[in-house]
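Heads up, the thing below is written out as structure tokens.
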Amino acid sequence: MDCSDNNSPAPYSQSLPYITSNNPLQFTIHLPNLNPNSSSTSDPNPNPNLNSDSNSLSDQLLSLAIPTKRRRGRPRSTTSSLDRFNKTLVENSNRVRNLTARTNATSSDASDEIIVINKEATTEALIALTAGFPADSLTDEEIEAKVVSVVGGIEQVNYILIRNHILTKWRVNVSTWITKEMFVDVIPKHCCALLDSAHNYLVSRGYINFGVAPAIKDRIPAEPSKPSVIIIGAGLAGLAAARHLMMFGFKVTILEGRKRPGGRVYTKKMEGGNKVAAADLGGSVLTGTLGNPLGLLARQLSYTLHKVRDKCPLYRVDGKPVDQDLDHKVETAYNLLLEKASTLRQLMGAVSQDVSLGAALETFRQDYENAVYEEEMGLFNWHLANLEYANAGLISKLSLAFWDQDDPFDMGGDHCFLPGGNAKLVQALAENIPILYEKIVHTIRYGSDGVQVVAGGQVFEGDMALCTVPLGVLKGGSIKFIPELPQRKLDGIKRLGFGLLNKVAMLFPYVFWGTDLDTFGHLTDNSSSRGEFFLFYSYATVAGGPLLLALVAGEAAHKFETMPPTDAVTKVLQILKGIYEPQGIEVPEPIQTVCTRWGNDPFSLGSYSNVAVGASGDDYDILAESVGDGRLFFAGEATNRRYPATMHGAFLSGLREAANIAHHAEVRAMGLKVEKKPSKSAHYYATVLDDLFREPDVEFGSFSIIFASKSSDPESPAILRVNFNVPQSRNHGGTRPDRHLSNKLLFQQLQSQFNNQHDLHVYTLLSKQQALDLREVRGGDPMRLNFLSEKLGVKLVGRKGLGPNIDSIIASIKAERGTRKHGSRSLTPKSGIPSLFSSLFLFSNRSTYQFKPKESVS
């Protein structure tokens, strides 16, 4: 995309990347260029050194992508995150292969050799990625569990190969129980300790040997031998934790306020007129089936999943179909606006945490709205409704900075329905689990001696408790904690958003809408009601009968809570008749209808979580923290930073807390005290990275480098930081007074401004050899910048642009250097980003945006 105008600046003039724009929907990003024979507006090649598997491009300063979350309601044939991993996997496997050859050729000690288990190392690494493991490094949890004696080096490589191999073997047949003995013939004897370490880690954390297969259920002992655990809530998180804890030998009791298990996963049987259908009124879509644990449960039960087909026609207010070319045009424009919002948040830095996504989109949309027809605006509003559905929240309340923070962890794969409803999974998980129904918990006491959970007039005592109630219930305050929860957790509960999605389920006497699609959409003529029955799910192929569901999102979902059911059904039927009767298709009266009211449900008080203005992904981690020295634990989708607002996120959080409970019980039984772990938040790693760069391995000019390993391997990772001094941007193109009006929503949300001068740190990931080559470049910083962009095709990005998997490298470097005490600095690093005013000038006045680096000292 090249939209530069005749006023584009001359080739490189002491500048970092800049942006030019001649259209409110289009802009071009340029890297500095010192080559007089090449165009200054050419788009550089993507940086092959960045870990794209972990990198959400929408979080990068200079790279743009479409966040996956916006597609939840309307399937699209898009490149999955796993497809993006392939290039990285090939590079990593080649690096390991080369390292293996060099190491094994020169080593006489078997323990210093990289093992070769089979020829499928790359395939096995891909499977490990679907479970959330980095391609060539350890997770934070593995480092904390001390799965290897030394972080980095040959031992770690061998551990990763063994870990991936065990995980792959279980994925081949998830109905088996995987033992260490299955691998003794393929794992060298000198790696037996690593085999023990990898197997124990995968089993204890619930990466393998979990679920409802007979071979796994048979492992639950007849009598518990370990402490008692009270679980509040029989949703997916509570059920997953209960099964895993029972397998470990714990005595488990679940207290559930409803008359049924499943929580927000609720399948209702609808029937009448000899028609029967299963309607998922709560969680319905398995989002991304590659690695999805609920997909693995379905395999154990021999259930076949139904892929939600891509076809999703849209219909206008008058019922006529939307022209496909127009649909594509508006969707492209909508995606460009989201890309602009993604770029704006990087330019704003920390200020974007106090600004809503809606304010940014509204600012840009006003330019768009003045140049389009009414039908195009209707389409645009439909996409916004879809976005609000995906987040169960109003875009006016979603954080511009972090609304899509979970995108890098997209599992990939198809979105699917489970024929017969998700209650089939719930029923299998709840089988033979001690659940006490209609036990409404109102008090939880916790202390050094254990816990007491009060439900009605009954008191349940245990050694530990796991609270899995929805975030809406925690916000509502219906459960009293004694002592009160730490202020840190209370603040996190308050900051995170908890939104609303409602549905109208209708059982008809026959299918009149066709069976060649699973979804279709409907436009409205009012932006405030854009989410009202905007999307229809056809369950005819999976529910067992002619079932149709209409979704209500955004502001309309809140109004729907008080709408009489008869009015709601009448509106839906009017929409359906407007679509199908002009085609000569009669719309019959429904046999049975059901309207959800999740906002008024006392056991949920909403649908699922989102990152609201002022919140961040860190708040999910805060909600997940245990309290009371390992007596009270928390699980649920709102405690899962990687997979919030999903059924599998809730399930995985239950497995996570089962492992944490078992760990605390084991340590307590040994008479030891569990070491308090620092919160591994984005701020934490930013602080650690800041600390590491206090003593870089190599420093020259404005460039500094830290190496991930002290080994001589030229392909080992290196983190490069470039330091720029950024003057406050000014509008060189003149300001049109009326322009400020379109930006007032952003200005109203600003509570702070920046100083006139900032240090900007931008980063990239290189190999050790590339870093050393960069050091040898002569001509100062300008020539080095040119070398990065022209020779290496590197893009410099903000800290978040490095992606979350860089955290593993940071942790590895920190561990290798030894423990260092961090200074008591603010958790928010210097932003180094221009003020919001200059960021807005970038888009509103189409000015050239340039950074000037410090003087080169070489």
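The values are calculated or read from the model by the stated rules, or taken from the named source; none is laboratory data. Keep in mind that what you see is a predicted model, and the values were worked out from it rather than measured. Here the Cβ positions follow ideal geometry from the backbone for every residue, glycine too, while neighbour counts run over all protein chains shown. Each accessible area value is taken on the protein alone, full model and side chains, heavy atoms only, with ligands, DNA and RNA left out. Shrake-Rupley method; radii C 1.70, N 1.55, O 1.52, S 1.80 Å.
This table checks each residue for (1) without any contact (Cβ under 8 Å) to a residue 24 or more places away in the chain; (2) assigned to a loop (DSSP other than H, G, I, E, B); (3) of a type outside the set (A, V, I, L, M, F, W, C).
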site: Val147; (1), (2), (3): no, yes, no
site: Val151; (1), (2), (3): no, yes, no
site: Val157; (1), (2), (3): no, no, no
site: Ile160; (1), (2), (3): no, no, no
site: Lys169; (1), (2), (3): yes, no, yes
site: Val174; (1), (2), (3): no, yes, no
site: Ile187; (1), (2), (3): no, yes, no
site: Leu194; (1), (2), (3): no, no, no
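Does Met377 satisfy being modelled with pLDDT under 90, within 23 Å of Ile579 (Cβ to Cβ) and assigned by the TED database to the domain that holds His522?
Values: modelled with pLDDT under 90: yes; within 23 Å of Ile579 (Cβ to Cβ): yes; assigned by the TED database to the domain that holds His522: yes.
Against the criterion (modelled with pLDDT under 90, within 23 Å of Ile579 (Cβ to Cβ) and assigned by the TED database to the domain that holds His522), Met377 qualifies.
Can you pull out the residues in segment 211-220 that are open to solvent by 10 Å² or more (accessible area, probe 1.4 Å) and more than 23 Å from Tyr266 (Cα to Cα)?
Result: Pro214, Ala215, Lys217, Asp218, Arg219, Ile220.
Tell me the strands (runs of 3 or more DSSP E) entirely within segment 221-311 that contain at least 2 residues that are open to solvent by 10 Å² or more (accessible area, probe 1.4 Å) and either of a type in the set (Ser, Thr, Tyr) or without any contact (Cβ under 8 Å) to a residue 12 or more places away in the chain (or both). Steps first, please.
On the way: elements: 226-232, 250-255, 267-272, 275-280.
Here the list reads 267-272.
So, of the residues in segment 101-125 that are loosely packed, with under 11 Cβ neighbours inside 10 Å and of a type outside the set (A, V, I, L, M, F, W, C), which turns out to be modelled with the lowest pLDDT?
Applying the first criterion (loosely packed, with under 11 Cβ neighbours inside 10 Å) to segment 101-125 yields 105-106, 108-109, 119.
Next, only the ones that are of a type outside the set (A, V, I, L, M, F, W, C) stay: 106, 108-109, 119.
Working: Thr106: 50, Ser108: 54, Asp109: 59, Lys119: 84.
Result: Thr106.
Select from segment 454-498 the residues that are among the basic types (Lys, Arg) and in a helix (DSSP H, G or I) and write down the one among them that is most open to solvent (accessible area, probe 1.4 Å).
As a first pass, look at segment 454-498 and keep what is among the basic types (Lys, Arg): 475, 480, 488-489, 494-495.
If we keep only those that are in a helix (DSSP H, G or I) too, we end up with 475, 488-489, 494-495.
Values: Lys475: 85, Arg488: 109, Lys489: 8, Lys494: 161, Arg495: 85 Å².
Going through the qualifying residues, I end up with Lys494.
Looking at (1) in a loop (DSSP other than H, G, I, E, B); (2) surrounded by fewer than 17 Cβ atoms within 10 Å (Cβ to Cβ); (3) in contact (Cβ under 8 Å) with a residue 12 or more places away in the chain, which is the only condition Ala543 fails?
(2)
Okay, residues lined up against (1) of a type outside the set (A, V, I, L, M); (2) farther than 19 Å from Glu625 by Cβ:
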| residue | (1), (2) |
| --- | --- |
| Leu485 | no, no |
| Lys489 | yes, no |
| Lys494 | yes, no |
| Lys503 | yes, yes |
| Leu523 | no, yes |
| Ser527 | yes, yes |
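Give me the residue from segment 425-453 that is of a type in the set (D, E, K, R) and crowded, with 17+ Cβ neighbours inside 10 Å and, out of that set, nearest to Asp601 (Cα to Cα).
Step one: filter segment 425-453 for residues of a type in the set (D, E, K, R), giving 431, 438-439, 445, 449.
Then keep just the ones that are crowded, with 17+ Cβ neighbours inside 10 Å; that gives 439, 445.
Working: Lys439: 16, Arg445: 25 Å.
Filtering first and then ranking leaves Lys439.
Just one of (1) surrounded by fewer than 24 Cβ atoms within 10 Å (Cβ to Cβ); (2) in a strand (DSSP E or B) trips up Phe536, so point out which.
(1)
Would you say Ile143 is β-branched (Val, Ile, Thr) and more than 19 Å from Arg642 (Cβ to Cβ)?
Details: β-branched (Val, Ile, Thr): yes; more than 19 Å from Arg642 (Cβ to Cβ): no.
In short, no.
Kindly indicate which of Ala645, Ala686 is at positive phi, in contact with a helix residue (DSSP H, G or I) (Cβ under 8 Å, 6 or more places away or on another chain) and of a type outside the set (D, E, K, R). Walk me through it before giving the result.
Details: Ala686 fails: at positive phi.
After applying the criteria, what remains is Ala645.
Sort out which residues of segment 574-593 are within 24 Å of Lys269 (Cβ to Cβ) and buried (at least 17 other Cβ atoms within 10 Å of the Cβ), and write them in order of number. Talk me through it step by step, then tell me what you get.
Keep residues of segment 574-593 that are within 24 Å of Lys269 (Cβ to Cβ), which gives 576, 587-593.
Within segment 574-593, Leu576, Val587, Pro590, Ile591, Gln592, Thr593 qualify.
What single numbered condition from (1) under 19 Å from Gln346 (Cβ atoms); (2) in a loop (DSSP other than H, G, I, E, B); (3) at pLDDT below 50 fails to hold for Phe843?
Phe843 satisfies all of (1) under 19 Å from Gln346 (Cβ atoms); (2) in a loop (DSSP other than H, G, I, E, B); (3) at pLDDT below 50 except (2).
So which of Asp525, Asp518 ends up being open to solvent by 20 Å² or more (accessible area, probe 1.4 Å) and assigned by the TED database to the domain that holds Ile395? Walk me through how you get there before you give the answer.
Numbers: Asp518 fails: open to solvent by 20 Å² or more (accessible area, probe 1.4 Å).
Selected residue: Asp525, the only one of Asp525, Asp518 that is open to solvent by 20 Å² or more (accessible area, probe 1.4 Å) and assigned by the TED database to the domain that holds Ile395.
Can you go through Ser607, Ser681, Ser653, Ser616 and tell me which one is crowded, with 21+ Cβ neighbours inside 10 Å, of a type in the set (S, T, N, Q), under 19 Å from the mean Cα position of the chain (by Cα) and modelled with pLDDT under 95? Lay out the reasoning, then the answer.
On the way: Ser607 fails: modelled with pLDDT under 95; Ser681 fails: crowded, with 21+ Cβ neighbours inside 10 Å; Ser653 fails: modelled with pLDDT under 95.
After applying the criteria, what remains is Ser616.
Can you find a residue in segment 548-556 that is open to solvent by 50 Å² or more (accessible area, probe 1.4 Å) and either under 30 Å from Ser228 (Cα atoms) or at pLDDT 95 or above (or both)?
At the first step, the residues of segment 548-556 found to be open to solvent by 50 Å² or more (accessible area, probe 1.4 Å) are 555.
Add one more test, that the residue is either under 30 Å from Ser228 (Cα atoms) or at pLDDT 95 or above (or both), and what stays is 555.
Yes, that holds for at least one residue.
Of the residues Asn391, Asn422, which single one is in contact with a Phe, Trp or Tyr (Cβ under 9 Å, 6 or more places away or on another chain), surrounded by 24 or more Cβ atoms within 10 Å (Cβ to Cβ) and either of a type in the set (Phe, Trp, Tyr) or at pLDDT 95 or above (or both)? Step through it out loud before you land on a result.
Details: Asn391 fails: either of a type in the set (Phe, Trp, Tyr) or at pLDDT 95 or above (or both).
Criteria check complete, one pass: Asn422.
Which of (1) touching a residue at least 40 places away in the same chain (Cβ under 8 Å); (2) open to solvent by less than 40 Å² (accessible area, probe 1.4 Å); (3) in contact with a Lys or Arg (Cβ under 7 Å, 6 or more places away or on another chain) is the odd one out, the single condition His165 does not satisfy?
Single failed check for His165: (3).
I'm trying to understand the selection: among the residues of segment 394-404, which are of a type outside the set (Ser, Thr, Tyr) and either over 15 Å from the mean Cα position of the chain (by Cα) or open to solvent by less than 20 Å² (accessible area, probe 1.4 Å) (or both)?
Restricting attention to segment 394-404, the residues satisfying the condition of being of a type outside the set (Ser, Thr, Tyr) are 394-395, 397-398, 400-404.
Result: Leu394, Ile395, Lys397, Leu398, Leu400, Ala401, Trp403, Asp404.
Filter segment 659-678 down to the residues that are part of a loop (DSSP other than H, G, I, E, B) and either open to solvent by less than 20 Å² (accessible area, probe 1.4 Å) or modelled with pLDDT of 90 or more (or both) and list them by number.
If we filter segment 659-678 for residues that are part of a loop (DSSP other than H, G, I, E, B), which is where we start, we get 670-678.
Hit for segment 659-678 is Met670, nothing else.
When segment 624-649 is examined, which residues are found to be charged (D, E, K, R) and surrounded by 24 or more Cβ atoms within 10 Å (Cβ to Cβ)? Quick ask: steps written out before the conclusion?
The first filter runs over segment 624-649 and keeps only residues charged (D, E, K, R), leaving 625, 629, 631, 637, 641-642.
Result: Glu637, Arg641.
Just to be sure, is Glu376 in a helix (DSSP H, G or I), open to solvent by 20 Å² or more (accessible area, probe 1.4 Å) and closer than 19 Å to Asp327 by Cα? Steps first, please.
Values: in a helix (DSSP H, G or I): yes; open to solvent by 20 Å² or more (accessible area, probe 1.4 Å): no; closer than 19 Å to Asp327 by Cα: yes.
When the stated conditions are applied, Glu376 does not pass them.
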